[in-house]
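These notes are about the structure you will find just below.
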Amino acid sequence: MLTVENLKVFHGLIEAVHGINLTVPKGQCVALLGPNGAGKTSTISAITGVVRSSGAISFDRRLISEMSTEARIKGGISVSPEGRRVFANLSVEENLILGGALKPDGKSKRIAHWYNTFPILGERRHQMAGTLSGGEQQMLAIARALMNDPEILLLDEPSLGLAPKIVSQIFDIIQKLRDEKRTILLVEQNATQALRLSDYAYFLNNGRIVAEGKPEDLGDREDLMAELTGIS
Amino acid sequence: MEYVVQQIMNALAFGAEYALLALGLAIVFSIMGLVNFAHGEMIAVGGYTMVAVSALALQNPLIIIGAAILVAMIASVTLERVAFRPVRYADPTTGLLTAFGVSMILQNLFLLLVSPRPIAVTSLYFLEWSIELGTLRISSLQLFETIATVAVILLLMFFLKRTLLGIAMRAASLDFEMVRLSGVKANRVFAIAFMISGLLAGIACVFIMARRGSVDPHLGFDPVLKAFVACVVGGFGSLPGAVLGGFLLGAVEVAMLVMLPQSLGGMTDAFVFGIIAVLLIWRPDGILAPRTEKGDKQ
């Protein structure tokens, strides 16, 4: 469904990603793993079109590399970004309303659905999103990203900076999304958890894919795990 | 008593004008970090539109007012498209210089194409008469200006709170890229911001023209300078701050006019800015400056 070929990503003059290929088939959860600074978020940003990149990105058999960010989102891509980036100056409900900007039909039904899934968000619907805890903000970011009912969800570091108990809650949510047969590209540093949830995984380091395969094969590769955690 | 009410009306009317213009500056600044010094030229554009419409022998004041506001809005949106879009994501300084450039070009166009001299527009004089309430006598124009400003602020609040584009504009002041990542078109948000800004300038133009009765190429310079000060006092980028700053500036100005002895009459502005300087020592970011968010990893 999503195919990335020979992707190079640039930040100013610096090339952060040096020509990678990856595929996310429909209905699968694909993990993109790697240490800090490996180029994971750059890859996500290139897919949504907010950074300069070269190479071919196609989605739903359409080449989207030349499209504007807004057009890509309209085409069915949605992102829950690194650092969550909820609109701190809007209420929880307004965040969800804005998240569903492209799908006005049945919006209130979807908002109700998310309040059901995350009761805490329902309780705080009129509270400013900036006052939520990190875990609540992450839930809001995921719910907001799904308000447009996307074809693919790009989940960038959902567990970053959260307490272990909250992290396992977030991974439960991802498991649930996977059970719903949603297509997900999951970017994570937490390899053990991400591998458990994914159908296929890519391992990114220094802007190159250094390994890929089924989670059960990659999970046993101690050299990769060492690189990821920095323990050698 | 009469005198006090009269001065309060003066302060409200001054403040309303500043608040309208300051809001126009703040709404553009909040989403794109641009101090639009060409905002004043939208007032002049409205004024010249009135001249043109009157010259066409359309003396119906509603047509004159409507045309002035409409043309100010169109001019503002056009400026965004032509001048500000290319520098949208550039450094704020680039935007500021662009705005100055646009302002100068427009003023010189008025000089060259119309006239350096003021042109009279008399068709709005009907807005000014005195209303007598018992022993009180107040100016209808001041009353209209205050009411119109309050109505516009309420409408703007409704727009920002209740409509999708309004919510998107508030969100854009914090994280524009994330708004685009929700699928809202950036171009649309910018166009609406400039349209509202032009609308506010157009409404201010009606009252400025009704009071002055003439338009010249530099009509917008003074009001926008005051509006800029109002924004600084209120906290740049904050819409409530712009309104508060506008009314506060109006009040301080009238207070100085009233309280300063005759011999210091020419120094009103100096005293006003002196007070503002002191205010800024107390609150360097302005009274209602948006607090910087302490978020997670950005």
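The numbers here are math on the coordinates, done by the rules we state, and not lab data. Please read all numbers here as calculations on a predicted model, not as lab measurements. Cβ placement follows ideal geometry from the backbone for every residue including glycine, while neighbour counts extend to all protein chains displayed.
Arranged from fewest to most other beta-carbon atoms within 10 Å of their beta carbon, A:ARG208, A:ARG72 become A:ARG208, A:ARG72. Each peptide in B:4-15, B:130-141, B:253-264 receives the mean, over its residues, of other Cβ atoms within 10 Å, and ordering these scores from highest gives B:4-15, B:253-264, B:130-141. Please list, in order, the residues from the range B:47-80 whose amide nitrogen is less than 16 Å from a point placed 7 Å along the Cα→Cβ vector of B:ASP269. Output list for this probe position: empty.
Each helix, a run of at least 4 DSSP H residues, gives -39500 (n - 2.57); summed and divided by the residues of chain A, these come to -10500 deg cm²/dmol at 222 nm. With neighbour counts taken as other beta-carbon atoms within 10 Å, the residues A:SER68, B:SER30, A:SER78, A:SER91 rank, fewest first, as A:SER68, A:SER91, B:SER30, A:SER78. Name the most mobile residue of B:VAL82, B:VAL35, B:VAL272, meaning the one with the largest mean-square fluctuation, in a Gaussian network model of chain B with Cα contacts below 10 Å. Checking each option, the largest mean-square fluctuation is seen for B:VAL82. Its Cα centre serving as origin, the protein assembly as shown has a Cβ charge dipole (Lys and Arg +1, Asp and Glu -1) of approximately 740 debye. A dipole drawn for the range B:2-218 from +1 and -1 charges on Cβ atoms has a positive end, and of B:ALA168, B:SER182, B:GLY40 the residue lying farthest that way is B:SER182. Treating the angle as unsigned and between 0 and 90°, give the value, to the nearest 10°, between the Cα long axis of helix A:134-146 and the longest Cα principal axis of chain A. Helix A:134-146 and the main axis of chain A meet at about 90 degrees. Taking a ≥ b ≥ c as the square roots of the eigenvalues of the Cα gyration tensor, an a/c ratio of 1.5 or more together with a/b no larger than b/c marks chain B as oblate.
Is there a pair in A:LYS8/A:LYS107; A:LYS107/A:LYS214; A:LYS40/A:LYS74; A:LYS107/B:LYS161; A:LYS40/A:LYS181 whose C-alpha atoms are over 29 Å apart, and which pairs would that be?
As for pairs spanning more than 29 Å Cα to Cα, those are A:LYS8/A:LYS107; A:LYS107/A:LYS214.
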